[in-house]
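The values are calculated or read from the model by the stated rules, or taken from the named source; none is laboratory data. What you see is a predicted model; the values in this text were computed from it and never measured. Methodologically, a virtual Cβ is constructed for each residue, glycine included, from the backbone with ideal geometry; neighbour enumeration extends over all protein chains shown. To get the accessible areas, we keep the full protein, side chains included, count just its heavy atoms, and leave off ligands, DNA and RNA. Shrake-Rupley method; radii C 1.70, N 1.55, O 1.52, S 1.80 Å.
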Amino acid sequence: MLVATTVETGVSVERAMELASAVSISVTTEVVSLDEAHGRVLAAPLCALAADPRFNNSAMDGWAVRVEDCEVKGTHLNIIGSGQAGGVAAPAVGKGEAARVMTGAAIPEGADAIVMVEDSEVDGDVVLITGPARPHYIRIRGENLEEGEEGLPAGVELTPPRLSLTGAMGHATVPVIVPPKVAVISTGDELLQPGEPLGENDLWESNTHTLAGLCHQLGCEPIRFPLVIDELDSLRTTLTRAAEECDVIITSGGVSMGDWDFVRRLMETEGDVRFWRMHIRPGGPPLFGLWNETPLFGLPGNPVSAYVVFLMLVAPWLSSNLCHHPEDGPKLADRVRVRLLDEVKGAPGKLALKRIHITTEGDELVARVRTHQGSGNLHSLVAGNGLTLLPAGVDGEPGDFIDAFWLR
Ligand code: AMP
Ligand code: MG
C-alpha cells in the first residue's frame, strides 16, 4: 500500500511525463505481408534490395541520341531500332543515329541524352530532330536509392507512399510492431451505453469511443471494457481482469475529489500511485500509477479533459513505448504557431488548452474560438480543430501569436 503523502501531487506536464516514463511496457514485433501492412508501424529500418533505378533508363517517350549529334537544330538521324520498358533493349547508338525509347526503357550504349517525341518528326527510317537533346531525361542507376541504402527508418507509420516504397525496394513482407492491448474502462453510476433509455440523471457514455479511437490511431489495440459502476469491488475486479488481459489500462472518471471517485481511492489504497493531478486546464485531475504491475492512466471523466490528458500525457508515453519515429511516427497533432483572432483566457498556474478553430489566412495560420470552453462540452472538440498551448497565467489577445496543437 502506498501512503498518499509520498505521491507527487499537482505536477507539471513535463514532470508527469518524467514520472510516467519511469514505467514502460515491452512491445513485440511480427512480420506481415504488404497487404496487411498499411497503417502499421515499421519495427526495423528497411534498405533497398536493388538500386533504384536498377539501370539507366529514359524518363520520356522519345529518342536516345548523342548530344553532340543534335547541337545543330534540324539534324536528321538514322533510326536504328527501339526499346521499351521491360522489353528488349535498343541497340547501341553510334554517330548520326537514334534509337526509339519508351519511358522506362534502358538507355542503349553510346546514347547520352533523350529527345522527346514532341521534338521530332519521323520520315521513313530517318528522324528529324526539332528540339533539344536533354541529358537529364536519363534516369541514372541508383539516383533514387543505392543498393543497400536505407529507404525507411524504424518507427514510421506505413502510409501509402511508404508502403509503395517498401515494395519498390523489393520487400514482400515487413517487420511491424504488434499493437499492445490497451484496456479502456469508463466508470460512473450515471453512465449508460448509447441507445439505452436514459433515467432522469443518466447520460450516454462516450469517452471509451474517444479513447479507443486515439489508441488505435497510435497503433495500439484498444479493448473497450463494460461500464463500471462507482463501487470498489466492481472496480477492483475489472482492473484486475484488465491487468491480466492488457498491457496498459486507461480509465475515465473517478479521479477527482468527489466522494464517489473510486479509481483514485482504490489506487491510493491498493495500487501504486506515481502522481495525481497535473497543471493543465482542462484535465487537472489525472492520476498515473500501476495496478498489479500494469501501467494505469486514470483520466478525468469530463470528455474534453479525458481527451486533453490523453493527448498531453498518454499519447507521448505510448509513442515512446511503441518506439515511434519522433518525426514520422503516428501522431495525433502537429505543433504550430497561430495568430489569434479572438481573445482566449489563460489559466493561473496551469497550461491552458482551449479549443480553437485553425484556418489559413494568406501565409499565416489563424485561430478563432467557436464554442464555449466547458470541459464537458465535447462538441467544442468537434467544432474546433486545435488546442491552444497558453503558458500558465498568460491570456491570449486578438493579434497575439501563440503555440497551438493542430489536431489530426
Ligand atoms: P468524474 O470525473 O467521474 O467526476 O466525471 C465528471 C463528469 O464527466 C461526469 O459528471 C459526467 O458528466 C462526465 N463523464 C464521466 N464519464 C463519462 C464518460 N465515460 N462519457 C461521457 N461523459 C462522462
Ligand atoms: Mg464519476
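What the table below lists for this structure:
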quantity: Exposure rank, largest accessible area first [S256, S380; 1.4 Å]; calculated: S256, S380
quantity: Span from the the range 96-128 Cα centroid across to the the range 246-288 one, whole angstrom; calculated: 73 Å
quantity: Cα-based shape type of the range 264-356, given that a ≥ b ≥ c are square roots of the gyration tensor eigenvalues and the cut on a/c is 1.5; calculated: oblate
quantity: Of all accessible heavy-atom area on the range 32-174, the percent that carbon and sulfur account for (1.4 Å); calculated: 50 percent
quantity: Pairwise centroid distance, computed over Cα atoms, of the range 1-52 with the range 203-221, Å; calculated: 18 Å
quantity: Taking N as its residue count, the alpha carbon Rg of the range 14-88 over 2.2 N^0.38 Å; calculated: 2.34
quantity: Rounded to whole Hz, the Karplus (6.51, -1.76, 1.60) HN-Hα couplings of the range 10-26, x for glycine and proline; calculated: x, 10, 6, 4, 5, 5, 4, 5, 4, 5, 5, 5, 5, 10, 9, 10, 9
quantity: Quotient of C-alpha Rg and 2.2 N^0.38 Å, computed over the range 166-227; calculated: 1.70
quantity: Surface per residue (accessible, 1.4 Å probe) for the chain, Å²; calculated: 47 Å²
quantity: In the chain, lysine pairs with alpha-carbon atoms under 25 angstrom apart (chain gap of 8 or more, or interchain); calculated: 5
quantity: The chain: Cys lacking any partner C-beta under 4.7 angstrom; calculated: C47, C70, C246, C323
quantity: Where only alpha carbons of the range 192-320 are counted, the Rg and the Dmax (Å); calculated: 13.9, 43
quantity: Top of I80, I356, I177 by mean-square fluctuation, Gaussian network on the chain, Cα under 10 Å; calculated: I80
quantity: Solvent-accessible ranking of F288, F55, F405, largest area first, probe 1.4 Å; calculated: F55, F405, F288
quantity: Two-decimal Rg to Rh for the chain - Kirkwood Rh, Cα set; calculated: 1.19
quantity: Cα pair distances in the range 76-127, grouped into 10 Å bins until the bin that holds the longest one, percent each; calculated: 27, 61, 12
quantity: Rg ratio (alpha-carbon, reference 2.2 N^0.38 Å) - the range 282-322; calculated: 1.16
quantity: Kirkwood-type radius of the range 299-408, with distances r between different C-alpha atoms, in Å; calculated: 14.4 Å
quantity: As computed over the range 111-253, the Cα convex hull volume per residue (Å³); calculated: 232 Å³
quantity: For the chain: relative contact order, % (alpha-carbon pairs under 8 angstrom, 6 or more apart); calculated: 16 percent
quantity: Taking the C-alpha atoms of the range 34-186, convex hull volume expressed per residue in Å³; calculated: 137 Å³
quantity: Carbon/sulfur fraction of accessible area - the range 205-304, other protein chains in place, 1.4 Å, %; calculated: 49 percent
